[in-house]
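Heads up: the structure comes next, in structure tokens.
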Amino acid sequence: MSRFMNDVKTAMLLAFMMALFVFAGFVIGGRMGLVLGLLFGGGMNVVAYFFSDKIALASMRAQAVDEVQAPELVGAVRELAQRADLPMPRVYICPQQSPNAFATGRNPANAVVAVTEGLLQLCSREELMGVIGHELGHIKHRDILIQTIAATVAGAISALGYLLWFVPLGGDNRRGNPLVALALVVFAPLGAALLQAAISRRREYNADSYGAEVSGSPMYLATALEKLHAYNKRIPMQVAMESQKNMFIVEPFTARGAANLFNTHPKLERRLEALIGRPRV
């Protein structure tokens, strides 16, 4: 049932993105714009489904590694993937000091686990196991496709808001109603953030629970989350796009002080309480 519901949500996201581009095309260029929006929306759906994982890895400058290059990391992923009865994911390292991790891919057979250099430097082996277990939870529950598509849709919504500000509305040489354009610029990114928050928060609790189970102890992930939250306040992510924040194990832009309403992750205290029965901070 979980897989079926994820497939339904994925289809709804792709349909929503298609409708969004068709509407924007009509607003910008009338009937001709509608046709162009249909073509562009279809192309974006193909990109979102087949290439969103590659876009995420490229934006993080991630590099594939093997057991010769990163024996502890790849060994931990292999061990936990066997415990979880999952195919061995590809493993990537991202050259950022901000400690974080994410999983991506269309399905478990095409899955990727990526961690930053900062996480490898910060976490003990047990904490690393907890983090990897969390990411394998997203793979096991087939969250990875919907998370990366949600990031792509959020980016498309934000981009359309700014496009409608600069492109004349109605298919002629007039800008159109500037208040409408301003509203789109303001509310499109807010809508994208709310979309991601609605999709992501419950999935984080589920992945936390699975990560605790497969790694062997909830304390591994609990102490890792404490460290990651503390260090992301000091070293915010510099290269990831705002629309990708739902993919990471913790909010990558914590230092920016975004309102919790738009956060894609539950508060640390709630995650710790769900993991170990009480907040430790």
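The values are calculated or read from the model by the stated rules, or taken from the named source; none is laboratory data. What you are looking at is a predicted structure, and each value in this text was computed from that prediction instead of being measured. Neighbour counts run over all protein chains shown; Cβ positions are idealised from the backbone, glycine included.
Conditions tested, residue by residue: (1) modelled with pLDDT under 60; (2) within 22 Å of Leu145 (Cβ to Cβ); (3) surrounded by 14 or more Cβ atoms within 10 Å (Cβ to Cβ).
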{"residue": "Asn206", "(1), (2), (3)": "no, yes, yes"}
{"residue": "Ser209", "(1), (2), (3)": "no, yes, yes"}
{"residue": "Tyr220", "(1), (2), (3)": "no, no, yes"}
{"residue": "Arg234", "(1), (2), (3)": "no, no, no"}
{"residue": "Gln238", "(1), (2), (3)": "no, no, no"}
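Of all residues in the range 71-129, which are small (Gly, Ala, Ser), farther than 17 Å from Lys227 by Cβ and touching a Gly at 6+ places or on another chain (Cβ under 7 Å)? I'd like the intermediate steps shown before the answer.
Going residue by residue through the range 71-129, those that are small (Gly, Ala, Ser) are 75-76, 81, 84, 98, 101, 103, 105, 109, 111, 114, 118, 124.
Subset that is farther than 17 Å from Lys227 by Cβ: 75, 81, 84, 103, 105, 109, 111, 114.
The answer is Ala111, and nothing else.
Within the option set Glu242, Glu213, being touching a helix residue (DSSP H, G or I) at 6+ places or on another chain (Cβ under 8 Å) and at pLDDT below 90 holds for one residue only, Glu242. Quick one: how many residues across the range 82-118 are of a type in the set (A, V, I, L, M) and either in contact with an Asp or Glu (Cβ under 7 Å, 6 or more places away or on another chain) or surrounded by 22 or more Cβ atoms within 10 Å (Cβ to Cβ) (or both)? Looking only at that region, the number is 9.
Return the total of residues in the range 262-281 being over 21 Å from Ala101 (Cα atoms), outside any helix (DSSP H, G or I) and at pLDDT 70 or above. Residues in the range 262-281 being over 21 Å from Ala101 (Cα atoms), outside any helix (DSSP H, G or I) and at pLDDT 70 or above: 1 in total.
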